[in-house]
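These notes concern the structure reproduced below.
Please treat every number below as a calculation from the coordinates, not as lab data. Everything numeric in this text was worked out from a predicted model, so none of it was measured. Every residue, glycine as well, gets a Cβ built from its backbone with ideal geometry; the counts of neighbours run over all protein chains shown.
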Amino acid sequence: MSRKKVMYSVEYPIRCSPAILYEFLSTPVGLQEWFADKVDQRDHKFFFSWSGSTDTAMVLENVENEFIRFRWDYYGPDEFFEFSIEQGPVTNETILRITDFADKNDIKDQEQLWNSQVHELKHRIGAS
């Protein structure tokens, strides 16, 4: 029996417009720049490839320039990962919030993985 995963979020300020950021989060071309070696899309399914292995994620919901929510095919029915874009209330900076699920013991490792992925994203956008 699998253990119940817990939801966690990480936030990153990104120096670019929400529209540009959304392209990097929601299109195969954008995601391939920073998230996976190769990304394909058929309808609401995305196919992410890393070093020859492929994982499939379904788009559950999305609002242009605001958020996109995926579910990996190995996630439970209540689990997802989401990229949401917010504007800082004072500075008006663009903030990327990533929400994901992991075993409690794996959250720190998962956060470090997101940190390195987002570092690559910022580099690709030219915002690092």
In sequence order, calculated HN-Hα J values of region 84-96 (Karplus, 6.51, -1.76, 1.60; Hz; x Gly/Pro): 10, 10, 10, 9, x, x, 8, 7, 6, 6, 7, 10, 9
Residue-ordered couplings for region 45-61, obtained by feeding phi - 60° into the Karplus form 6.51 cos²θ - 1.76 cosθ + 1.60 and rounding to whole Hz (Gly and Pro as x), are 10, 10, 10, 9, 10, 10, 6, x, 9, 10, 10, 10, 10, 9, 7, 8, 6
Go through region 107-120 residue by residue and turn each phi into a ³J(HN,Hα) via Karplus (6.51, -1.76, 1.60, θ = phi - 60°); whole Hz please, and just put x for glycine and proline. 4, 4, 4, 5, 4, 5, 4, 4, 4, 6, 4, 5, 4, 5
In percent, what relative contact order does region 6-125 have, based on Cα pairs under 8 Å that are 6 or more apart in sequence? 30 percent
Which value, in debye to the nearest 20, describes the size of the charge dipole of the chain about its Cα centre when Lys and Arg Cβ atoms bear +1, Asp and Glu Cβ atoms bear -1, and nothing else is charged? 180 debye
Using modelled backbone amide H atoms (1.01 Å from N, in-plane), which distant-in-sequence or interchain residues come within less than 5 Å of L60's amide H? R69, F70, R71
If the chain between T56 and Y74 were fully stretched, how many nm would it gain, using 0.36 nm times the residue separation less the Cα-Cα distance? 5.6 nm
For region 16-64, state the semi-axes of the equivalent ellipsoid (square roots of 5 times the eigenvalues of the alpha-carbon gyration tensor), sorted largest first and rounded to whole angstrom. 19, 14, 7
Taking the dipole of the chain about the Cα centre (Lys, Arg +1; Asp, Glu -1; charges at Cβ), the one of P18, S84, Y74 that reaches farthest to the positive side is Y74
Kirkwood hydrodynamic radius (Cα pairs, Å) of the chain? 15.1 Å
Run the helix sum for the chain: -39,500 (n - 2.57) per DSSP H stretch of 4+ residues, divided by residue count, reported at 222 nm to the nearest 500 deg cm²/dmol. -8500 deg cm²/dmol
Where is the GNM fluctuation largest for the chain (alpha-carbon springs, 10 angstrom cutoff): P13, P28, P89? P89
